[in-house]
Every structure is written in structure tokens, then in C-alpha cells.
Amino acid sequence: MKVHEIFRSIQGEGKNQGRPCTFIRFAGCNLDCAWCDTRKARTGGEEMGRDAILARVRNLGGHYICITGGEPLLQGPPLLELVKDLATAGYMIDIETNGTLDFSAYQAYASICMDVKCPSSGEESDLSLLPFLTGDDAVKFVVRDRADCTYAAGVIRDHPSRAQVFFSPVEGTDPRGIARFLVREDLPARLQLQLHKILGVS
């Protein structure tokens, strides 16, 4: 598997925002979002096997893992085996995915956070995946402007999901307009600022 980095920090977003977390960031992505904030992870990476990854995670400590990228599901069957190993070892696991690949095989072992791509990203997610999310999962809309917010509201209306829903402003965007949109539309969603960027940590 191609690993960009493994590190310990605070979870900056999602339903576990604020929790101490060990991140496994895989390299490689099948999208090229206009506002990508982890562009360095789109290529390259260090080839690592399951045992090496597990050893690094154990050495860092903690009990909560976030698997992210890039797009981690591109790692294929080896990633599923790693997730099974982590779950068997008692870790709580989140997987962040861009919503273009089937995540169902992972749901027995991990919570899914599906990042639904809005128009400003220049990319699209597979909205047919949304009904498969459960109450343990999350949906994130990274929004830049009113057009993104309106698109996200339409997705919420037309593709009901049991997952928790978050609106996350693109870095540099004034979140107050997005907050006003959520209040005005009374959407079943929460505004979420990226805590790790506010704190100035990875």
C-alpha cells in the first residue's frame, strides 16, 4: 500500500471532531478537486505492508484511527485486510472517502465519512452510494459559495440518508454566509470549521 504519512494529532472534522487521533494518510487519488488541501498526497507515497503500518500505529499509541488520503479506497483488498486487523485489535476507525468507490465492505469494521463533491470542486461523487450510509456514518459537503450550498441542499432532499451531515467551508471562505444559509433553510446539517487549521496543527 502507498502511504503518504502516519501521524498523531487532533481530529479536525467529522463526528469525532476534537478527539485525539492517529491518522493513516494514503497516497493517490482518482479526483483533482480545485480546492484540494492535501494535494501533496495525490502522488508518490512509501510502499508499506500491513505489518509495518500496524507497528507504526501501535508505536504512536491511542485507540482511534482515521484512514484518509488522497482516496484510501484505491488501495483495494490490502486496505480491507488492514482495516479488519485494526478492528480486531480494538481500534475505533473512521474512513474518509470521496464518494466515488463502493465502501460497503468496510462498514462492518469502520465508520464512513463520504465527502460529496460540490460544483466548486470541479468533480462529482456517486450519489447512488448515499442510501447505504448508516447512522454511524457521516456526509460532508465542502462548500465555497451559495451555489455549493444550494447543490448540497438538493442532495440532502433528493437522496435521504441516515448519516450525520456537515457543511465545511472551503479554506478562506467566510463561514457566516454558510451559517446563514443553514439557518434560513433549516437543513438537518451542522456547520463545521476545520479545527486542526484553527489550532495550526496537522
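In table form, for the structure just shown:
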read-out: Label point 7 Å beyond Cα of R58 along Cβ direction - residues of region 80-111 with amide nitrogen under 17 Å; value: 82-92
read-out: Net charge dipole size for the chain [Lys, Arg +1 and Asp, Glu -1 on Cβ; Debye, nearest 20]; value: 580
read-out: Residues with amide H under 5 Å from that of V142, placed H, sequence gap 5 or more; value: V116, C118, S168
read-out: Calculated FRET efficiency for the pair D51/R146, C-beta based, R₀ 45 Å, to 0.05; value: 0.40
read-out: Spin-label model distance (nm) - R180 vs T38, 7 Å beyond Cα toward Cβ; value: 3.3
read-out: Dmax and Rg, reported as Rg then Dmax, of region 91-202 (C-alpha, Å); value: 13.9, 39
read-out: Non-local Lys pairs in region 2-199, i.e. 8 or more apart or on different chains, that have alpha carbons under 19 Å apart; value: 8
read-out: Percent of alpha-carbon pairs separated by more than 24 Å within the chain; value: 38
read-out: ³J(HN,Hα), Karplus 6.51/-1.76/1.60, whole Hz, each residue of region 88-96, x for Gly, Pro; value: 4, 7, x, 6, 8, 10, 10, 10, 9
read-out: 3J(HN,Hα) from dihedral phi, region 134-140, Karplus parametrisation 6.51/-1.76/1.60, rounded to Hz, x for glycine, proline; value: 10, x, 8, 9, 9, 10, 10
read-out: Förster-model FRET efficiency, 25 Å R0, S9 and F132, C-beta, rounded to 0.05; value: 0.30
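Just so you know, all these numbers are worked out from the coordinates, no wet-lab data involved. The model shown is predicted, which means the values in this text are computed figures rather than measured ones. Note that we place each Cβ from the backbone using ideal geometry, even for glycine, and neighbour counts take in every protein chain shown.
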